[in-house]
Every structure is written in structure tokens, then in C-alpha cells.
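The values are calculated or read from the model by the stated rules, or taken from the named source; none is laboratory data. Just so you know, these numbers come straight off a predicted model, no measurement behind them. Cβ placement follows ideal geometry from the backbone for every residue including glycine, while neighbour counts extend to all protein chains displayed. What goes into the accessible areas is simple: the full protein's heavy atoms, side chains included, and nothing from ligands, DNA or RNA. Shrake-Rupley method; radii C 1.70, N 1.55, O 1.52, S 1.80 Å.
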Amino acid sequence: MDIRLSGGDGRTLAALLEAAGQPLDLRCGGHGSCNRCRVQLLSGVFQTGTETIEVQEAPVWARACETRLLSKQGMVSVPEAARAVRNGRVLADWEGAGYAKRPETVVAVDIGTTTIAGAKIRNGEVIGRASTFNRQSRFGDNVIARINHASGSAGNLEELRRAVLESIGEVLAALGAGDAERIAVAGNTVMCSLFHGIDPTPIGVMPFEPLVRKFPVVSAAAAGLPLRADVLAWTVPAISGFVGGDLTAGLAEVALQPGEMLVDIGTNCEMIFRTGDALYCTAAAAGPAFEGAGIACGSRAVPGAMDRYYGIGRYSVLGDGAPKGICGSAMVDFLAVERRNERLNEFGRFQPAAARVEPAPGIWLTERDVEQLLKAKAAVFAGIRTLSSHCGMKVTRIHLAGGFARYLALENAVAIGMLPDCEFHVVGNTSLAGALRLAVEPERLPELELLSDKPIDLPLNVLEGFEDNFIDALLLP
């Protein structure tokens with residue numbers, strides 16, 4: 001799409017396009033490292049770094065986050081791949097017990113780093129579901145990037161708060177939440193802190209302790225939510241800096257038995273393990289590779305993304321049609337299938353040597369892409385193995401929460417050494433399920449606060465064997 005812009009005020013093209021209602025995919029937070037925001041400069045005078053570009057004939061490609069329009073007017077072309085997506089395969093389903101039959105209409109929201117999901121309930125029946133992507137993504141695609149941005153100034157913190165409120169507002173509008181009498185939210189500790197306008201900076205530095213784990217009950221007016229002013233907003237309490245209320249909610253929804261683990265695979269892979277008489281938790285920084293970040297043709301789970309891969313030229317695409325990218329579930333398939341076909345060796349190198357492999361026409365993966373995927377899967381596996389080893393107990397069953405797990409071919413995740421070979425139970429979005437239960441029964445908050453105190457937090461960097469487990473898991477079995 002060609003877009004005419006007015007410049008001269010010092011803002012980047014990314015900021016100008018955002019103001020024009022055409023937000024871009026800024027997964028690196030606008031630091032020029034992800035190359036997602038590349039646009040074509042068609043006419044005008046621009047500045048990229050110290051270079052001045054006057055477009056006269058052929059279009060020029062440039063990163064919108066680093067480029068400014070110097071002339072009063074300019075024209076740019078924004079390819080589809082550079083746009084921030086607002087829809088996609090966001091999980092708003094779960095397994096679990098039914099809800100109390102109460103006449104009030106209530107809503108709940110799961111605030112994810114990448115996605116926002118919501119549900120509406122009345123008389124024990126879920127009557128609406130909705131989802132969108134978290135608009136905070138323009139400040140970076142992971143919690144560390146958001147923490148770093150928030151630490152810059154009070155204005156930056158407010159930017160992040162407004163962005164998540166806009167996303168929640170979009171979900172509430174889709175739910176038709178104007179008649180809601182209560183709302184409850186759940187999410188990781190950074191997301192919930194930002195929702196409340198609380199500085200998350202302490203979570204990013206030793207000893208990684210948040211300013212608040214148990215959040216106040218606030219009115220919709222005070223929170224800035226587009227609901228009736230006197231509606232109260234409740235928040236599921238967090239366990240630690242990197243194990244949030246999403247896991248507290250999941251723990252309340254899933255009755256863990258000794259030897260069982262609750263694992264939420266995402267950018268930050270959170271997990272809770274039950275031994276005979278105690279709960280232990282940790283978080284592994286898997287990174288956003290399985291959400292397409294840092295991968296040449298990587299994509300989130302949006303229409304046009306390849307979601308399953310069975311071999312060269314054999315795949316499925318969300319929404320059908322020709323693939324425009326490859327998302328996490330298909331990336332896991334690719335590693336497993338091509339390892340079985342001996343096209344990948346144990347180190348993730350192509351056999352025979354090749355600059356890249358094309359699983360579909362126009363879609364490719366390089367060895368650098370494979371390296372990023374191996375790091376992500378190694379972090380998940382090393383976290384699970386290290387936690388269970390520390391507890392001196394084998395994992396017999398894993399309850400998998402979150403959207404990625406729902407669409408994952410588990411046999412392939414085991415084959416590539418991402419998950420251990422054990423029994424699995426895919427439970428869906430237990431964060432949203434737990435938040436919805438709190439919205440229905442707000443008197444449960446003290447119970448959830450007590451539950452959030454039970455898991456013993458074990459940062460992986462202090463656990464013996466994590467580095468060795470991570471290095472071992474970098475190989476493909």
C-alpha cells in the first residue's frame with residue numbers, strides 16, 4: 001500500500017505511519033535489528049542515520065524505525081510483511097471445571113506479552129470470546145525489552161500502560177462488555193505491573209523482585225478501562241518476578257499431582273513442579289523465535305502463515321492460500337521432519353550444505369534461523385530438566401498451557417528435544433480461565449493470594465546443571 005506522509009517534525013517513519021493508522025511490526029522495539037519494518041521510499045527526502053536520501057527514480061528500501069522524512073511531503077510503500085497484525089490464532093479456549101451460576105455479567109482478560117485474550121460469562125455460561133495482539137509489541141517483543149523501555153522515564157512507562165489499555169479496550173469492545181459488572185485480569189508479572197502503571201524495572205535486575213506481587217483492586221475509571229466507572233477490576237496475584245499470575249491462575253485450574261508439571265510455553269517459558277509435599281517454580285527465557293522474531297520468513301500465527309510442515313512442498317496454511325511466512329508450530333515440524341530425513345545433522349547444519357532450505361515456494365530457513373530455533377527449544381528443555389533434577393524427581397506428566405502448545409505437534413516437540421518423553425495434557429489458556437473464575441467469584445482473591453505464596457521460586461541461573469543441560473539440548477537427537 002502506498003501512503004503519503006507529511007514530515008519535518010523529526011519523527012521516524014514508523015511513528016508517522018503509526019499516527020496515520022498504519023502501525024508497523026517493531027518486534028525489536030525500533031532498534032533496527034529485526035528488519036521487520038522495511039518499507040519502500042517512493043518520493044521525498046529522507047534521512048537514515050547520517051545518510052540523506054533523495055528519491056528520484058527507483059524506490060529505496062529502508063527501515064522505518066531508523067528513517068525520518070525531511071521534506072514536507074513524502075510517499076512510502078508499506079509491504080504486508082511490515083505491518084503490525086491485529087488478528088491471528090490467539091487462544092481463548094481452555095479445559096477445566098465449570099463456573100458458578102451467577103446472574104451478573106462479568107469479563108476477564110489474559111494479558112500476554114504478545115497476545116491479549118478475553119471472555120465474557122453470565123449464569124455460568126461463556127457467552128463471548130475475543131482476542132488481539134498486544135500493542136506494546138512496538139516497544140519490543142519480550143518482557144526485557146518492555147522493562148528497558150519502561151525504565152527510561154515516567155513517560156515511557158505511561159506509553160506502555162496506554163498501549164496495553166488500548167489492546168484490552170479492543171478486546172472489551174469485541175466482547176460487547178458495556179454491561180459487565182466486574183472484570184478480572186491475569187498475566188505475567190511485567191504485564192500486570194504495566195497494566196497498573198507500576199514500574200517493572202526491579203524485575204530486570206538482581207534479585208528480580210517485583211515492586212508488587214499482589215495487586216490492588218481498582219475501579220475501571222482509575223485503571224483507564226472503557227467500562228462503567230464504578231466497575232471493579234481484580235488481578236490474579238503473581239508468584240515472582242518471572243512467574244506471574246498467569247501461572248497462579250493455571251495452578252488454581254489444574255490439580256497438580258506429585259511428579260506433574262504445569263508448563264506455559266511462550267517467550268518466557270514458566271513452569272511449576274509438584275513434588276510430594278511442595279511446589280517449585282522457575283522460568284526459562286525461550287525468546288520469541290517461535291513467534292517468528294529473528295527468523296527470515298518467520299511469522300506469528302496469522303492468516304497466510306504455514307502452520308504445519310510434512311516435508312518439502314507439503315504443508316498447511318492458516319486460511320489456505322499461498323504461504324506468506326512460517327509460524328512456530330511449523331518450525332518445530334521442520335526441525336523434526338528434516339532431522340528424520342537426515343537433511344539436518346545433530347548440530348542443525350544442512351545436509352548437503354546449502355545457503356538455505358525452502359519448505360515452500362518463497363519461504364526459506366537458513367542455518368542461522370535453525371540456530372535461533374535450537375536455542376529456543378534448548379531453553380525449554382533445559383528448564384524442565386533442571387527443575388526436575390533439582391527436585392530429585394522425574395516428570396511423569398506435563399500440563400501444557402498457552403496457545404503455542406495447543407497447536408504444537410507434540411511428537412515432533414519430543415523428537416527435537418524440546419519436551420521430555422512423558423505424558424502430556426494440553427489444557428489451553430488457563431490464565432484466562434483462572435481470571436474468569438476470579439471475575440465470577442471475586443471472594444476467591446484471598447485464596448489465590450495464599451496460593452501464589454506456595455511455590456518456591458528457583459531462578460535457573462542459580463541452579464546446578466542448567467548451563468550443561470542447555471548446551472546438551474542445543475543438539476538435535
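Things worth noting here:
- Mean separation of Cα pairs under 8 Å and 6 or more residues apart, divided by the residue count, gives the range 374-447 a relative contact order of 34 percent.
- The GluC sites (Glu not before Pro) of the range 395-477 that DSSP puts in a loop, and whose beta carbon has at most 10 other beta carbons within 10 Å, are Glu464.
- Whether the range 148-264 is rounded, prolate or oblate, judged on the alpha carbon gyration tensor where a/c under 1.5 counts as rounded: oblate
- Local electrostatic count at Asp179 - Lys and Arg +1, Asp and Glu -1, tallied over other residues with Cβ under 12 Å: +2
- Dipole axis of the range 186-315 (+1 Lys, Arg; -1 Asp, Glu on Cβ), positive-most option in Gly244, Phe195, Gly294: Gly294
- Once backbone amide H atoms are built at 1.01 Å from N, Gly348 has Leu476 as its partners under 5 Å, excluding neighbours fewer than 5 places away on the same chain.
- Expressed as a whole percent, the accessible area of the chain that falls on carbon and sulfur atoms is 50 (1.4 Å probe).
- In a simple Cβ point-charge model (Lys, Arg +1; Asp, Glu -1; nothing else charged), the chain has a dipole of about 780 debye relative to its Cα centre.
- The range 319-400: C-alpha gyration tensor shape, a/c 1.5 cut-off, then a/b vs b/c: prolate
- Placing +1 on the Cβ of every Lys and Arg and -1 on the Cβ of every Asp and Glu, with no other charges, gives the range 269-421 a dipole of roughly 100 debye about its Cα centre.
- Evaluated over the chain, the count of Lys pairs having alpha-carbon atoms less than 21 Å apart is 4 (only pairs 8 or more residues apart or interchain).
- Whole-number percent relative contact order across the chain, with pairs defined as alpha carbons under 8 Å at least 6 apart: 14 percent
- Count Lys and Arg as plus one, Asp and Glu as minus one, and take only other residues whose Cβ is under 10 Å from that of Phe470; the net charge is then -1.
- Within the range 300-350, the proportion of C-alpha pairs whose separation exceeds 11 Å stands at 64%.
- Rg/Rh for the range 346-476, where both radii come from Cα atoms and Rh is the Kirkwood radius: 1.07
- All C-alpha to C-alpha distances of the range 118-202, sorted into 10 Å bins beginning at zero, yield P(r) values of 17, 46, 25, 11, 1 percent in whole numbers.
- The chain - accessible surface per residue (Å², probe 1.4 Å): 40 Å²
- Projecting the alpha carbon convex hull of the chain along each direction and taking the average yields 22.8 nm².
- Beta-bridge orientation, the chain: approximately 70 percent antiparallel, per DSSP, counting only bridges with both partners inside.
- FRET E, pair Phe208, Leu256, Förster distance 25 Å, beta-carbon r, rounded to 0.05: 0.55
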